[in-house]
Amino acid sequence: SGSLQVNPDLALDLMQLLELLDGSTSRFVKLENGQFLALTDQLRRQLNDLAAFGERMKTKLRFPPVRAAALEELGDVVSLKADKHWTSQLTRMREAGELEPKVPSTLQAELRDYQVEGFEWLARLAHWGVGGCLADDMGLGKTVEALAILLERAGDGPALVVAPTSVTFNWIAEGQRFAPTLNMHQFGTGDRDAIFEDL
């Protein structure tokens, strides 16, 4: 939430300002009293970004963590007050950018350069705390990249792989071959309660 202080007598609430921008195609915004507010091109673009990245609630905008980078750039022209959760998100984002993950030594495979790059990207996203979609052509090694990140994060506790039943056996076989130190359990058909007890 926020406001734009135009002058000592006029402040516009952020949501009110975004509604006014919806009705304008230029940087000039018509106010209720018939006057016009002239925004800089930069502020207009940044307000458009806010509107595009945020989910409008009644009195405020909500942003997913992955949009932290875009909002941080607003700091040059906007006075931003954030809670500890948002500040923590920005810290993890910066740390993730500087992170130099190493392929786990327990991985029983030699990754190709593009696979190492995919693993590093996944490790940075995991450190940041956001998700991603690793997509590539069939047979190029997405499973082994995913196994590498599972190994890298194994110390943080259990992980869940959600996959179609048709590839479950392949996952287990690849896991035993490339990541034998992972303790994999198939949660599918059979006695599911027994699986939980074994865990």
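The values are calculated or read from the model by the stated rules, or taken from the named source; none is laboratory data. Here the structure is a predicted model, which is why all the values come from computation and not from measurement. All Cβ positions, even for glycine, are placed from backbone atoms using ideal geometry, and neighbour counts span all protein chains on display. Ligands, DNA and RNA are stripped out before the accessible areas are found, and what is left, the full protein with its side chains, is counted by its heavy atoms. Shrake-Rupley method; radii C 1.70, N 1.55, O 1.52, S 1.80 Å.
Overview of results
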read-out	value
Unique match (being at pLDDT 90 or above and open to solvent by 50 Å² or more (accessible area, probe 1.4 Å)) among Val77, Val103	Val103
Of all residues in the range 50-60 being open to solvent by less than 90 Å² (accessible area, probe 1.4 Å) and within 17 Å of the chain's Cα centre (by Cα), the one that is nearest to Gly132 (Cα to Cα)	Phe53
Given (1) assigned to a helix (DSSP H, G or I); (2) within 19 Å of Ala126 (Cβ to Cβ), number of the condition Gln176 does not satisfy	(2)
Residues satisfying the stated conditions in the range 24-43, i.e. open to solvent by 30 Å² or more (accessible area, probe 1.4 Å) and touching a strand residue (DSSP E or B) at 6+ places or on another chain (Cβ under 7 Å)	Arg27, Phe28, Lys30, Phe36, Ala38
Criterion: of a type in the set (S, T, N, Q) and part of a helix (DSSP H, G or I) - qualifying residue of Gln108, Gln115	Gln115
Residue among Gly155, Gly188 that alone is modelled with pLDDT under 90, out of contact with any His (no Cβ under 8 Å at 6 or more places or on another chain) and either loosely packed, with under 13 Cβ neighbours inside 10 Å or not in a loop (DSSP other than H, G, I, E, B) (or both)	Gly188
Every residue from the range 108-149 that is more than 16 Å from the chain's Cα centre (by Cα), surrounded by 19 or more Cβ atoms within 10 Å (Cβ to Cβ) and among the aliphatic types (A, V, I, L, M)	Val144, Ala146, Leu147, Ala148, Ile149
Checking Gln46 against (1) open to solvent by less than 60 Å² (accessible area, probe 1.4 Å); (2) outside any helix (DSSP H, G or I); (3) modelled with pLDDT under 85, the condition it does not meet	(2)
Neighbours by Cβ (under 8 Å, 6+ apart or cross-chain): first from the range 76-92, part of a helix (DSSP H, G or I); second among the small types (Gly, Ala, Ser) and modelled with pLDDT under 80	Trp86/Ala68; Gln89/Ala68; Leu90/Ala68; Leu90/Ala82
Ser166 being of a type in the set (S, T, N, Q), open to solvent by 50 Å² or more (accessible area, probe 1.4 Å), without any contact (Cβ under 8 Å) to a residue 24 or more places away in the chain and not in a loop (DSSP other than H, G, I, E, B)	yes
